[in-house]
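The values are calculated or read from the model by the stated rules, or taken from the named source; none is laboratory data. Since this is a predicted model, take the numbers as computed values, not measurements. Counting neighbours? That spans all protein chains shown, and the Cβs are built from the backbone with ideal geometry, glycine included. These accessible areas exclude ligands, DNA and RNA; they are computed on the full protein's heavy atoms, side chains included. Shrake-Rupley method; radii C 1.70, N 1.55, O 1.52, S 1.80 Å.
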Amino acid sequence: MPDGMKKALITGITGQDGSYLAELLLAKGYKVYGLTRRSSTVVTDRISGILNRIELISGDLLDESSLLDAVYQAQPDEVYNLAAQSFVATSWNQPILTAEFTAVGVTKMLEAVRRGAPKARFYQASSSEMFGKVQAVPQGEDTPFYPRSPYGVAKLYGHWITINYRESFKMHASSGILFNHESPRRGIEFVTRKITYNVALIKNGLVNELRLGNLDARRDWGFAGDYVNAMWLMLQQDQPDDYVISTDETHSVQEFVELAFAQADLDWKKYVKIDERFMRPAEVDLLIGDSKKARKKLGWVPEVNFKTLVRTMVDADLKLVSSR
């Protein structure tokens, strides 16, 4: 390894954000290590193009010794903790598992870094879901939290334990409070990808309807590739801090639907059905970020707008479905 080459350890490297972050760090000349859980099925699709350029280390957020082993092995300059049970709907069905991975897992990772690489800079993936039942519009770093799902509650624990380790142990630990960020690599269970993938299926005559929940729910949607750049920028600062990362615009699920179907020359009203099963027990109605701190201090600006994001995702899924 060349002298001076930075090393980064990414948990959740096989996920949407992890794959984009790994590509970004490789482009910047880093040696990239990724923590992956043992699985009987291949879960490296998103990083298949860079597998020969990264080093995967077996480990699990629920197993402290494996995390410490990973930190000792990688001896990272930067640690990005992106791994979590990250699907809000699943957190209602598996609240305890969500708490173990998404809350307690953060503590285990922080402890492994504190003991194994105390000078490493640490990034925690916090979430706009921590704002939940919003106490102010838009939401910035000083907006009070009011999570409305087991996922949001778990993320809030992870956020605050990161602040505690920063203040108690003088760790360079920062949190990015990221609003919704999507891409063609988004899991199909998430509403945005569910929409674009089903548009492609409908266009190819493979299904004839799309069932959704609350079309009026509004979100601040950005592009995942832009958001991982913000993560990196946070760890380049002299002082650790917390930052809201968002487009500062809000759009409804229905707007997303209309754009997605129009991109495939389809009339959404002919195919979309409202299904009570997809309504949240407690809805988060209006999430919109205020990212001026990140824009000012980090110099971060999102480059992909809402319309481009939706159209890109639809085009990618049309290509994916038609190639099968």
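Could you list all residues from segment 115-134 that are among the charged types (D, E, K, R) and either at pLDDT 95 or above or within 28 Å of D69 (Cβ to Cβ) (or both)?
R115, K119, R121
So which residues in segment 264-290 are over 22 Å from T312 (Cβ atoms), surrounded by fewer than 11 Cβ atoms within 10 Å (Cβ to Cβ) and either touching a strand residue (DSSP E or B) at 6+ places or on another chain (Cβ under 9 Å) or at pLDDT 95 or above (or both), if there are any at all?
K269, K270, K273, R277
Can you give me the number of residues within segment 190-224 that are more than 18 Å from D315 (Cα to Cα) and assigned to a loop (DSSP other than H, G, I, E, B)?
Summing the residues that are more than 18 Å from D315 (Cα to Cα) and assigned to a loop (DSSP other than H, G, I, E, B) in segment 190-224 gives 8.
Output the residues belonging to segment 298-311 that are in contact with a helix residue (DSSP H, G or I) (Cβ under 9 Å, 6 or more places away or on another chain) and either surrounded by fewer than 17 Cβ atoms within 10 Å (Cβ to Cβ) or part of a helix (DSSP H, G or I) (or both).
Result: G299, V301, E303, F306, K307, L309, V310, R311.
In segment 161-195, what residues are within 18 Å of the chain's Cα centre (by Cα) and farther than 30 Å from Y271 by Cα?
T162, A173, S174, S175, G176, I177, L178
Looking at (1) outside any loop (DSSP other than H, G, I, E, B); (2) among the basic types (K, R); (3) out of contact with any strand residue (DSSP E or B) (no Cβ under 6 Å at 6 or more places or on another chain), which is the one condition that is false for K119?
(1)
Can you tell me which residue in segment 160-181 is most open to solvent (accessible area, probe 1.4 Å), limited to those that are free of Cβ contacts under 8 Å to residues at least 60 places away in the same chain and either outside any helix (DSSP H, G or I) or more than 12 Å from Q124 (Cα to Cα) (or both)?
K170
Yes or no: A70 under 18 Å from the mean Cα position of the chain (by Cα) and touching a residue at least 60 places away in the same chain (Cβ under 8 Å)?
no
Kindly indicate which of N208, N198 is over 14 Å from the mean Cα position of the chain (by Cα), of a type in the set (S, T, N, Q) and surrounded by fewer than 18 Cβ atoms within 10 Å (Cβ to Cβ).
Result of the check over N208, N198: N208.
Which members of segment 136-148 meet the condition of being under 16 Å from T250 (Cα atoms) and without any contact (Cβ under 8 Å) to a residue 12 or more places away in the chain?
A136 - this is the single residue of segment 136-148 that is under 16 Å from T250 (Cα atoms) and without any contact (Cβ under 8 Å) to a residue 12 or more places away in the chain.
In segment 198-215, is there at least one residue being within 26 Å of V79 (Cα to Cα) and either in contact (Cβ under 8 Å) with a residue 24 or more places away in the chain or of a type outside the set (S, T, Y) (or both)?
Within segment 198-215, none of the residues are within 26 Å of V79 (Cα to Cα) and either in contact (Cβ under 8 Å) with a residue 24 or more places away in the chain or of a type outside the set (S, T, Y) (or both).
Of everything in segment 131-161, what is more than 18 Å from R219 (Cα to Cα) and small (G, A, S)? Give them in sequence order.
A154, G158
Is it true that V244 is closer than 30 Å to P95 by Cα and among the β-branched types (V, I, T)?
yes
Picking from V106, V113, V79, which residue would you name as being open to solvent by less than 10 Å² (accessible area, probe 1.4 Å) and either farther than 20 Å from I177 by Cα or basic (K, R) (or both)?
Unique residue meeting the criteria: V113.
The rows are residues; the columns are (1) outside any helix (DSSP H, G or I); (2) open to solvent by less than 20 Å² (accessible area, probe 1.4 Å); (3) farther than 15 Å from F101 by Cβ; (4) touching an Asp or Glu at 6+ places or on another chain (Cβ under 6 Å).
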residue: S19; (1), (2), (3), (4): no, yes, yes, no
residue: E23; (1), (2), (3), (4): no, no, yes, no
residue: G29; (1), (2), (3), (4): yes, no, yes, no
residue: V32; (1), (2), (3), (4): yes, yes, yes, no
residue: T41; (1), (2), (3), (4): yes, no, yes, no
residue: L51; (1), (2), (3), (4): no, no, yes, no
residue: S65; (1), (2), (3), (4): no, no, yes, no
residue: D69; (1), (2), (3), (4): no, no, yes, no
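In this structure, does V88 turn out to be touching a residue at least 24 places away in the same chain (Cβ under 8 Å) and touching a Pro at 6+ places or on another chain (Cβ under 9 Å)?
Yes, satisfied.
Only one residue in E100, E111 is within 13 Å of A154 (Cα to Cα) and acidic (D, E). Which one?
Going through E100, E111 in turn, just one is within 13 Å of A154 (Cα to Cα) and acidic (D, E): E100.
Out of Y151, Y157, report the one residue that is touching a residue at least 12 places away in the same chain (Cβ under 8 Å), open to solvent by 30 Å² or more (accessible area, probe 1.4 Å) and assigned to a helix (DSSP H, G or I).
Sole residue among the options that is touching a residue at least 12 places away in the same chain (Cβ under 8 Å), open to solvent by 30 Å² or more (accessible area, probe 1.4 Å) and assigned to a helix (DSSP H, G or I): Y157.
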